[in-house]
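Nothing in this text is a laboratory measurement; each read-out follows from the coordinates by a stated rule. Note that this is a predicted model, so its numbers are computed, not measured. Reconstructed Cβ throughout: ideal geometry from the backbone, glycine too, with neighbour counts over all protein chains shown.
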Amino acid sequence: MRFNLDTFLVLAFLFFIGSILGWLLEVFFRRFFSTNNPQRKWINPGFLIGPYIPLYGFSLVTLFIFSWIPVGFIKNSILQKILLFALMALAITLMEYLAGIIFIKGMNIKLWDYSNEWGNLQGIICPRFSFFWMILSGLYYFIIHPRVIESLYWLAGHLSFSFFIGFFYGVFVIDFTYSMQVLVKLRTFARENQIELKIEEFKHYLIRKNESLKIRVSFMIPLKPSNHDFAEDIREYISEILSK
């Protein structure tokens, strides 16, 4: 793989596609399989407003890069693929851990929680989801990579493709900036009360409160306050969890 402008555009597009596909995957997982959603509601799985989860975008980029790793020193083709998929899953798991620990240490916020999973590390990563990453790595390698990458490089040579990528990242930066401002507000209250705020639990709390007040719940705004300011919601939520 040679790194040039076309490769940069392909990586940028893969981040975009991975972020959206990951968001869709998480939406259906939370709706039909998550034990944290016994009411089986449709829940926006991210903290951003738009339909994307950056971790999945970075993961797809990682799969693309790792698919070029030479494993020819292993003669058995099956073992080659097992090693490659294991490396992919390990890289994504490490990325998942770093993202989780950055938010916990820097923001006092836990974006996801695997504390109930066997073998978990600090509730951030666990063997079961690392295995799922390995399965997804295999699906990418056999289904997506050989059929899509050539087409993406062809598209990268067209100006309209560059415009499309630029438009997405313009919207993404605005969304990310706004959403981080919301998280900074949550961090302030979390640090004042010396707690680790679990974002998924806080989402469920906001949904319950908005529904009790007959306020329309917005699917595309996962952290919608019941009032114009988060202050009251955060104080009540913190009081609720501290009283348990």
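Things to note:
- Under conditions of 20 °C and 1.002 mPa s, region 160-224 yields 152 µm² s⁻¹ as its translational diffusion coefficient, taking Rh as the Kirkwood radius over Cα pairs in the Stokes-Einstein equation.
- Each listed q (0.08, 0.14, 0.15 Å⁻¹) maps to a log10 I(q)/I(0) for the chain, found by the Debye formula over equal Cα scatterers with no solvent: -0.37, -1.02, -1.14.
- Label positions at I221 and S243, each projected 7 Å from the Cα along the C-beta direction, are separated by 2.7 nm.
- Expressed in Å, the radius of gyration and Dmax of the Cα atoms of region 1-124 are 16.9, 51.
- Selection of chymotrypsin sites (Phe, Trp or Tyr not before Pro), region 69-169, meeting DSSP coil and at most 12 other Cβ within 10 Å: F73, W118
- Linear extension gain, Y97 paired with S160, 0.36 nm per residue minus alpha-carbon span: 19.1 nm
- Gain on full stretching of the segment that runs from R40 to I195 - 0.36 nm per residue minus C-alpha separation: 53.0 nm
- The reciprocal of the average 1/r between distinct C-alpha atoms defines the Kirkwood hydrodynamic radius, which for region 69-142 equals 13.5 Å.
- Look at where the Cα atoms of region 1-49 and of region 79-132 average out, and the two centres are 16 Å apart.
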